[in-house]
1. May I ask you to list the lysines whose Cα is less than 20 Å away from that of residue B:265, ignoring any residue fewer than eight positions away on the same chain?
2. Order the peptides B:315-323, A:269-277, B:340-348 from the highest to the lowest mean number of other Cβ atoms within 10 Å of their residues.
3. Taking R0 as 41 Å, what FRET efficiency do you get between residue A:129 and residue B:92 from their Cβ-Cβ distance, rounded to the nearest 0.05?
4. When Lys and Arg each count +1 and Asp and Glu each count -1, what net charge do the other residues less than 14 Å away from residue B:376, Cβ to Cβ, add up to?
5. For the protein assembly as shown, I need the span (max minus min coordinate) of the C-alpha atoms along each principal axis, in Å, sorted largest to smallest.
6. What average count of beta carbons from other chains do you get within 10 Å of the Cβ of residues in A:297-305?
7. Using modelled backbone amide H atoms (1.01 Å from N, in-plane), which distant-in-sequence or interchain residues come within less than 5 Å of residue A:330's amide H?
8. By a straight-distance test (C-alpha under 29 Å), which lysines pair with residue A:332 as possible cross-link partners, with residues fewer than eight away in the same chain excluded?
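Computed from the coordinates by the stated procedures, all read-outs in this text should not be read as laboratory data. Note that this is a predicted model, so its numbers are computed, not measured. Don't worry about glycine lacking a Cβ; one is built from the backbone with ideal geometry, like all the others, and counts go over all protein chains shown.
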Amino acid sequence: MDLLNAIVALSNFVLVPAIAYGSQLALGALGVTLIYGILRFSNFAHGDTMAFGTMVTILVTWWMQSAGISLGPLPTALLALPFGMLGCIALLLVTDRLVYRFYREQKAKPVILVIVSMGVMFILNGLVRFIIGPDDQRFADGERFIITARDFKQMTGLEEGLAIKTTQALTVVTAVLVVALLFWFLNRTRTGKSMRAYSDNEDLALLSGINPERVVMYTWMIVAALATVAGVLYGLDKSFKPFTYFQLLLPIFAAAIVGGLGSPIGAIAGGFIIAFSEVTITYAWKKVLGHALPESLAPDGLVQLLSTDYKFAVSFVILLIVLLFRPTGLFKGKSV
Amino acid sequence: MKKLLLATAATALLAGAAQAEDVKIGILLGFTGPLESLSPDMAAGANLAISEVNESGNFMDGAKISSVNGDTGCIDASLAVASAERLITSDKVSGIVGGMCSGETTAALQNAAIPNGMVMISPSATSPALSTIEDDGLFFRTSPSDARQGQVMADILNDRGIKEVAVTYTNNDYGKGLADSFQAAFEKSGGKVTLNAAHEDGKADYSAEVGALASAGGEVLVVAGYVDQGGAGIINAALDSGAFDTFMFPDGMISETLEKNFGSKVEGSFGQHPSAAGDGPEKFKEMGKAAGFEPTNAFSPESYDAASLILLAMQAAGSTDPNVYKTKIMDVANAPGEKILPGDLGKALQILKDGGDVDYVGASSVELIGPGESAGSYREIEFKDGKMDTVGYR
């Protein structure tokens, strides 16, 4: 029985990866939830928006790397991030002008806008593949680890190692900063307040002189920035491939709906709930239990509830349960 | 003018005559799909054998051979069947070099080749399931079955004194076939496989898969995957989390990419891939370089051998009918007879014409066993100082 080793193994394989993954999902879900709250439709193009922002960031990163610009131990992509955001903002504003505005003026029903967003999704899908290709791209550079498993073992003399990647720490720090900034913006600034007013009651907001087109524009800009940050962090931590970004749509929507669509706090909570469920349910607990339990109780089997292949099924099941029993989500968002 | 007309008529006649004796060989490979980078050099290998035979002029009273390509997509069974059907019924080929990947080969064999009575020699389908398939004596392969590779892997581990391993495989016919045959061989020899788990290709993150493998434990992680796909992701995640630092690499992982990306990080890791020592491979290398393709790429020698075997068997049987020459393939591939290396095809055709025997060795040391598959010789490699070193041949 060895609790310390159990905790270290748990952190290495469950806590650290799940926290990083949860932060990435939370950022993605914030974008989805903002669009739902303010523009009133589920944006299926969100995964590919993330891919587009990340792609621009990657291209700028490559250019910076070739020009010899770097951030030392931190990934160069952080420097390129603002450019990625600008590119993504431009893309979303153009899409809004060309596509969504037409339907908004028609006062189209949300379900039509959802279908429209699927069309946009397919076009973005093609656009990203056309520019950067369908393959894996790696753009992480700088120091890979804050602490490697081997160093940790040597330092502590423990049997289990704990590795923390720079990108994992970076993900959490950036996510906290971005979320703090977003909440300050929504709660303290005039524009933020007008966005919330528009979200709560469109007609009242119009009567009190809020310009709807401005609100829509700011929403797209914030969503673009959030999507790019989420996409770049995910790509740095794992790898960039257009198809995986498309697949991310499911856990992101699950996170947004679990937390309650339209509720920013809910999106963050939802992101972590989905991430922790996915990781803990598919993790084989044999090692941790072997350390934590007395010898006689140590398990022989893997103690794995579901094979890792079913990772996405976990978000699906959570999504179904929430929709069945609490359609407004944990934080009382709008019902779907 | 009269002369010109005469000449034209003569050429037309000649062309017609040549066409009548023309023999077509189908080349059925995954020109698109996940192994599309390998297929051009494989097709070039097969075509090299064909042009060598054409130049010798000894084939079937001077008949000329041409090749027709068919695409299988490597993982697209319906495309493979459609292409095979087209080669057989519309292009009227007399033999097929292919298919490329195990699943697609099985589909093409069962749905097109067997119903039409066509011989298929695959250079690269290695699934053990193809050893026991009901094939009416029409299917052969110049690559070894993965059942053999599984045995070789168990031997390597036993020689190194490793008793416990975890296995992860790419979730398809190749990965599963290899992982299962390895597990059977290793457990029979007293080893223990702590976990034999699949991974999907093309994911961004393999930390969950590695987490399960790490929990199961083991001295070495066997990665039966693709180096350009999930295999690399698994190694990355395993190194990142410190779960494993020694790996065993089967044939799908061994390549320059592996050495380039992971060379220095996987010190002491080892593996094996089908490769023969001796004169045949050397000679094929020279010929391939001269013909302008990359003869050392995986399965290019095997493709040359597959095409050669079809043509030699036709010559030995004196017929291009698949149902006649299929019985001769084992004869020309194995002893007794004169040893035939790459470049000797003209000589071999002459010997067969005179009623003699040949023992085709070819570019990959062909020795067909059991149901018509290569016995297989493997090169064992190990990573030393960031480089892939040859340890020996098995």
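1. A:153, A:165, A:238, B:384, B:387
2. Answer by packing, highest mean first, reads A:269-277, B:340-348, B:315-323.
3. Working: r = 39 Å, r/R0 = 0.96.
After rounding to 0.05, the efficiency reads 0.55.
4. Working: positive: B:141, B:148, B:379, B:394; negative: B:146, B:155, B:251, B:302, B:305, B:367, B:373, B:380.
Around residue B:376, the charge tally is -4.
5. Rounded to whole Å, the extents work out to 101, 82, 52 Å.
6. Details: counts 0, 0, 1, 0, 1, 7, 1, 6, 0.
Average per residue, whole number: 2.
7. A:259, A:260
8. Leaving aside lysines fewer than 8 places away in the same chain, those within reach of residue A:332 are A:107, A:109, A:193, A:311.
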